[in-house]
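See below for the structure under consideration.
Every read-out reported here was derived from the displayed coordinates using simple, explicitly stated rules and does not represent laboratory data. Note that this is a predicted model, so its numbers are computed, not measured. Backbone-built Cβ (ideal geometry, glycine too); neighbour counts: all protein chains shown.
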Amino acid sequence: MSLLEQISSPAELKNIDTEKFSQLAQELRDFIISSVSSTGGHLAPSLGVIELTIALLYVYSPPEDKIIWDVGHQSYAYKILTGRREKFHTLRQLGGISGFNNRSESQYDAWGVGHASTSISAALGFAMNRDLAGQNHNVVAIIGDGALTGGLAFEGLNNAGASGTEMLVILNDNTMSISKNVGAVAKYLTDIVASPFYQKVKSEIWDITGKAGELGKYFRTIARKMEDSLKNLIVPGMLFEQFGFEYYGPIDGHDTGELIRVLREIKDIKKPKLLHIITKKGKGFQPAEKDATKFHGLGKFNISTGEVEKEAEKPTYTKIFGAAMVELGEKFKDLCTTTAAMEVGTGLCEFHKKFPERFFDVGIAENHAVVFSAALAAEGRRTVAAIYSTFMQRAYDAIIHDVALQKIPLVLAMDRAGIVGEDGPTHHGIFDISYLRAIPNIIIAAPSSGTQLRNLIFTALDDFSNTWAIRYPRSTIPDEDIEENFERIEIGSWEILKRGSGELLVLAVGSMVHPALEAAQNFSENSITVVDCRFVKPIDEEMLFELLKSHEKVITIEEGSLLGGFGEGVAAFAQEKNIFPKILKNIGIPDEFITFGKRDELLKMLSLDTDGIFKQLKSILQS
Ligand SMILES: Cc1ncc(C[n+]2csc(CCOP(=O)(O)OP(=O)(O)O)c2C)c(N)n1
């Protein structure tokens, strides 16, 4: 029986002889690599914290002790060792276990995660409750150097350090976010790790000046002064100490014995503590160590070659966006792009390579990204902030307060709008239409094809006088060919794709246009009108008025939340104009969080695939 098979709870792990922990680590690595090669998932982050996970579960006792993972994408070993080994093959699959920590999945998951930088705030809340309740368990947050670039993490540090309460923050420093980590704190952490160099330089200066007689004394005085100021810069952890944390480290995060020793030593110190550990992302799997960005999160792959299973034939919207940005970067010499640590995901690598001075990775800082980009735009630079729909939620206030209110001509490129698939409810981009529609001064567009995405981005940049949000899905484009030239699209205009006789009007948005059209083709030639509502705001009032007047029944279809969605906008317009169709039905995502699974499976479950739409059209036509 393997060691892994003997462990289904932290208590069982504690029975294992510590001498066998390196064998356990190897078993975990093999198990995770093999399983993730067929489910897909966040491989490299999880491989980097295997020794840490073993040490944590050896020293602490969840669920009494609270273990809080930031993002949660690195918690596969934790899942396996806390009773989810047998379900691990269902990771991220419909009906299976989540790719992140989830309170309703396990009592060992103290906090639900998916978005970055929340762990320190949550840990402080748990610690404060413990203190108020007179309990004495431990609280541990594990945060990566990437997640530490998020402002929220610093809000947590600021508050926790001043509170003086017992909690431990483990900083898992692998110098990587998804891409190479960026920013001043990343540099600071590198300096800490490099401090042996500083120590060496210091002793060498001492040696040399000691040999130089009277003149040497003079140099030694200067050197001491320099050392004092250098110390402030380079003494490990000074930044965290100033925040009120006791700093420990840096230590090797792959040395289980050392991790256990230090964790035990600091466990009972009743203060905010920060333990800095150095790890290698992708540790133990050569392809992932070599290319941690590719293996950060990926689909099925071949274990022996590291090759990812062949992707779809057609390009994705992301790819079309990335290529369009490069072309537009040539056309508009002032064009800048911003990403919040998602250079690869948003398709901006080529733009970065071609126009490095006009590309900005600001770290996991969406709120900052939007304000920063808005100021660039305010000064007359065409700027596109490319941020996933779900992460744009972090920037909501900035969109209102800094962008729309000031009428800043910023373009928000919102990838992964709609159902994203295996990452699940924390990552579905289903609220953007609802949260953006309520804001004045904003144009919301949703392309139904790759060509339309190109033209909408071009129109927004050429227009350069309005705030734009352009949302597009995590999917391939439906186009047979992409039109090479850019063309302006009239703001607020819709397009009738198929004109029927007036029985049923289908108003579809973005990713739903193509399946709606396909579904409608199954009915007799004249029964259905299909419209591409490429602008969610402003709507094409003139066209809508005429169509509402001339159709008996109306159906709206969107890949977004029905509450506050496009359909509600159409219904409100009809009501305002006193037009009352026999039926006005809104199809979209109901008022609930949608689980994880393949995008296609989830769309089918929601009846937002061609077949589901066909059935709904049929039932409305027959009613
Ligand atoms: C608010 C938010 N923005 C972006 C992301 C996407 N994202 C997931 S993990 C990650 C990098 C995290 O880096 P780090 O914390 O250092 O962990 P590592 O993957 O290196 O272990 C990013 C940018 C996210 N989950 N949440």
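Holding the Cα-Cα limit at 22 Å, pick out from 407/537; 79/283; 14/271; 280/353 the pairs that are longer than that.
Beyond 22 Å: 14/271; 280/353.
Tell me the trypsin sites (Lys or Arg not before Pro) within segment 289-344 that lie in a loop according to DSSP and have at most 14 other beta-carbon atoms within 10 Å.
Loop-located and lightly packed - 300, 310, 333.
Using a Cα-Cα cut-off of under 16 Å, which aspartates and glutamates could be cross-linked to residue 354, ignoring same-chain neighbours fewer than 8 residues away?
Partners within reach: 327, 330, 334, 343.
Summing Lys, Arg as +1 and Asp, Glu as -1, what charge do residues with Cβ under 14 Å from the Cβ of residue 97 carry, residue 97 excluded?
+1
In degrees, nearest 10, range 0 to 90: what is the angle between the Cα axis of helix 119-133 and the longest Cα principal axis of the chain?
70 degrees
Quick one: dipole size for segment 513-563, taken about the Cα centre, charges +1 on Lys/Arg Cβ and -1 on Asp/Glu Cβ, in debye to the nearest 20.
The dipole magnitude comes to about 100 debye.
Aspartates and glutamates within cross-link reach of residue 87: Cα-Cα under 19 Å, excluding same-chain residues under 8 positions apart?
5, 12, 27, 30, 105, 109, 422, 423
Please give the charge dipole size of the chain, origin at the Cα centre, charges +1 on K and R Cβ atoms and -1 on D and E Cβ atoms. Round to the nearest 20 debye.
Charge dipole, the chain, about its Cα centre: 1100 debye, nearest 20.
Kirkwood hydrodynamic radius (Cα pairs, Å) of segment 317-471?
Result for segment 317-471 stands at 15.0 Å.
Quick one: helix 366-378 against the long Cα principal axis of the chain, what's the angle to the nearest 10°, folded into 0 to 90?
The answer is roughly 60 degrees.
If you restrict to DSSP beta bridges whose two residues both lie in the chain, what percentage is antiparallel, to the nearest 5?
Roughly 15 percent of the beta bridges in the chain run antiparallel, per DSSP.
Once the Cα gyration tensor of segment 495-622 is found, what semi-axes does its equivalent ellipsoid get, as square roots of 5 times the eigenvalues, in whole Å, sorted largest first?
22, 17, 12
Against the longest alpha carbon principal axis of the chain, how many degrees, from 0 to 90 and to the nearest 10, is the axis of helix 541-550 turned?
Relative to the chain, helix 541-550 is tipped by roughly 50 degrees.
Using alpha carbon centroids, what distance separates segment 1-19 and segment 265-341, in Å?
Measuring centre to centre over Cα atoms gives 33 Å.
Exceeding 20 Å between C-alpha atoms, which entries from my cross-link table qualify? They are 582/618; 300/604; 549/604.
Too far apart for the 20 Å limit: 300/604; 549/604.
Just to be sure I understand: of the beta bridges DSSP finds with both ends in segment 495-622, what percent are antiparallel, rounded to 5?
Around 15 percent of the beta bridges assigned by DSSP in segment 495-622 are antiparallel ones.
What Kirkwood hydrodynamic radius do you get for the chain when you take the inverse of the mean 1/r over all pairs of distinct Cα atoms, in Å?
Value: 26.6 Å, from the Cα pair sum.
Rg(Cα) of segment 439-578 divided by 2.2 N^0.38 Å?
1.03
If you place +1 on the Cβ of every Lys and Arg and -1 on the Cβ of every Asp and Glu, how big does the dipole about the Cα centre of segment 382-468 come out, in debye to the nearest 20?
I would put it at about 160 debye.
Applying a 10 Å radius around every beta-carbon, put 334-345, 64-75, 101-112 in order of their mean neighbour count, most first.
My ranking of the peptides, most packed first, is 64-75, 334-345, 101-112.
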